[in-house]
Amino acid sequence: MTFYVHPTEQLVVEIYVRDLQRSKKFYLQLGFDLLSEKKSFVSLMWENHRLFLEERKDLPSPTDFAQANVRIMVADVDECWKRVHEMKARVTKPIADREYGLRDFTVADPDGFGLRFGSWLPRTSE
């Protein structure tokens with residue numbers, strides 16, 4: 001099969017943000033890398049996966065519950081949990097071992113978009 005674009009470019013999440021500089025700082029503190037920046041658009045990367053931020057000053061204020069989230073798999077979710085507490089990020093789902101096989105938690109970005117960080121739990125024989 002021939003791909004039109006590289007698989008890491010095929011499906012990219014783009015998030016609208018009210019304040020591009022504030023959101024860029026938040027994502028960089030979480031560990032994302034900055035790929036490029038324009039006046040109202042930032043391209044970030046987590047490992048080989050891109051995340052786009054587009055500034056839209058007309059966005060409504062965030063709600064208490066994120067309407068969507070992106071799952072980001074990490075080798076050590078507990079280390080990531082420490083980082084979000086140091087940042088004082090808004091936790092929407094605290095860290096715990098889940099029945100679906102992950103230890104994970106969810107935080108909201110400054111505009112309310114959810115970021116779920118998780119690590120696989122060790123498999124046990126039943």
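Any read-out appearing in this document is the output of simple, stated calculations on the displayed coordinates, not a laboratory observation. Computed from a predicted structure; not experimentally measured. Positions of Cβ are generated from backbone atoms using ideal geometry, with glycine treated the same way; all protein chains shown enter the neighbour counts.
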The long-range amide H neighbours of Arg98, using H built 1.01 Å from N in the peptide plane and a cut-off of under 5 Å, are Arg103, Asp104
Note down the nm distance, to one decimal, between modelled labels 7 Å out along Cα→Cβ at Ser61 and at Leu28. 2.8
3J(HN,Hα) from dihedral phi, the range 88-100, Karplus parametrisation 6.51/-1.76/1.60, rounded to Hz, x for glycine, proline: 6, 5, 7, 7, 9, 8, x, 5, 6, 7, 10, 5, 8
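Would you please name the chymotrypsin sites (Phe, Trp or Tyr not before Pro) within the range 31-120 that are DSSP coil residues with at most 10 other C-beta atoms within 10 Å of their C-beta?
Phe65, Tyr100
Based on the Cβ-Cβ distance from Asp19 to His85, what FRET efficiency comes out when R0 is 25 Å, to the nearest 0.05? Don't jump to the answer; show the numbers that get you there.
Numbers: r = 22 Å, r/R0 = 0.90.
After rounding to 0.05, the efficiency reads 0.65.
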Helix 77-87 vs. the chain, principal-axis angle (Cα, 0 to 90°, nearest 10): 40
Cleavage-rule hits (GluC sites (Glu not before Pro)) in the range 71-117: DSSP loop, at most 12 neighbouring Cβ within 10 angstrom: Glu99
Can you give me the angle between helix 20-30 and the longest principal axis of the chain, using Cα atoms only, in degrees from 0 to 90, rounded to the nearest 10? 20
Antiparallel bridge percentage (DSSP; both residues within the chain; nearest 5): 70
Find the relative contact order for the chain and round it to a whole percent, using C-alpha pairs within less than 8 Å whose residues are 6+ positions apart. 23
Among the listed pairs Lys25/Lys82; Lys57/Lys88; Lys25/Lys88; Lys38/Lys88; Lys57/Lys93, give every one whose C-alpha distance is greater than 20 Å. Lys57/Lys88; Lys38/Lys88; Lys57/Lys93
